[in-house]
1. Set the Förster radius R0 to 35 Å, insert the Cβ-Cβ distance between S34 and E157 as r into 1/(1 + (r/R0)^6), and round the FRET efficiency to 0.05.
2. What does a probe at R134 reach in the stretch 140-170, counting residues whose amide N is under 17 Å from the point 7 Å along Cα→Cβ?
3. Not counting ligands, DNA or RNA, and with a 1.4 Å probe, what is K103's accessible surface area in Å² rounded to the nearest 10?
4. How many nm is it between the label spots at R146 and V164, if each spot is 7 Å from the Cα in line with the beta carbon?
5. Stretch T191-R294 to full length: gain in nm at 0.36 nm per residue minus the Cα-Cα span?
6. Using heavy-atom solvent-accessible surface (probe 1.4 Å) with all chains present, what is the largest-first order of V8, V27?
7. Once you charge only the Cβ atoms, +1 for Lys and Arg and -1 for Asp and Glu, what is the size of the charge dipole of the chain about its Cα centre, to the nearest 20 debye?
8. Can you give me the long-range amide H partners of R208? Hydrogens built in the peptide plane at 1.01 Å from N, cutoff under 5 Å, separation of 5 or more residues or another chain.
Amino acid sequence: MANPISTVAMRVARYGLPGTDPDPIDVPWESWPSFLGALEGQRLTGIALAAVQNGVLVVDQARRNELAERHARAMMLALIVERKLLTLGKSFGEASIDVVALKGPTMAHTIYPDPSWRPYGDLDLLVRTEDWQRATALLRRMGFDRRLPEPRPGFDERFGKAAVHMNGDGIEVDLHRTLVLGPFGLWMNPTELFGRTEVLSLAGREVRRLDDTAMLVHACVHAALGWTPPLIMPLRDVAQAANTGRIDWDAFSDLVRRWRLRAVVRHAFETAQDTLGTTLPAEAIRIAQGRSKRAERKALASYIAGRRA
């Protein structure tokens, strides 16, 4: 049986998506603390506050104030992360290291109706494999220590996905060279992603991000392969990008085919639809319905099965 708190949080998460039910959401007083904790844990405070402001999530003034306070804390963290993105972006540029910002801030400022709908608490940066060592050295000079050591010399550049770095202020930077660990990461050619970028303007500075087509590929990979079961916000990212992003569906289909991601994309699209009760564009459905190869399905099972660890 589904957790009633999770069920209501899911109704909040689908707010504003095509085909979703706009019926009012009422949370019993006794469930409010747990519900608020679920919103905060799943980074849904921004969408919840928008639902309150439009009369979909029904709360009194006291609970509205409490939600606003939690969301303000989330936005403060997001602003701190954005400020660090600008600082790091400048330093990477001065070191002639190509860097592309992923996920959080790039999604918040592009595919969502308002950046406040998409809180985030860390920073994901993509660099070329040949720049990996210089990038890690640069982060070290800027006060970021790697949390886990490289298993052995050369492992990162051949097999690794990312390494988590943290500074004394608790800001976490995930330095990526590809989008996912394991077979799907090895089947990708992450160098191609540097040819699928656009410029995002933040506080008068320019930051490179994935274009909407590559962003949707990454959103599907993150939602399908990141956690089991998938977290709510990554599923919302899939639905949001597919419905509001400027997607070149032919290019998307080509990447999915060549990188052996059809099973992953199908799982991401179907899970987003089933979980959030939304509809996806016809082009997305067509691509998801294409037959995937047995190797892809077998690899996907290793990520989503109970023995994932």
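1. 0.20
2. The answer is 140-142, 157.
3. So the heavy atoms of K103 present about 40 Å² to solvent.
4. 1.5
5. On the way: separation 103, 0.36 × 103 = 37.08 nm, distance 2.59 nm.
Stretched out fully, the T191 to R294 stretch lengthens by 34.5 nm.
6. Values: V8 35, V27 5 Å².
Ranking V8, V27 by accessible area, largest first, yields V8, V27.
7. Values: 41 positive and 36 negative charges, 225 e Å.
Its charge dipole is roughly 1080 debye.
8. Answer set, sorted by chain and number: A101, L200.
The values are calculated or read from the model by the stated rules, or taken from the named source; none is laboratory data. Every value quoted in this text rests on a predicted model; they were computed, and no experiment measured them. With ideal geometry, Cβ positions are generated from the backbone for all residues, glycine too; neighbour counts draw on all protein chains shown. Accessible surface is based on the protein model in full, side chains and every heavy atom, while ligands, DNA and RNA are left aside. Shrake-Rupley method; radii C 1.70, N 1.55, O 1.52, S 1.80 Å.
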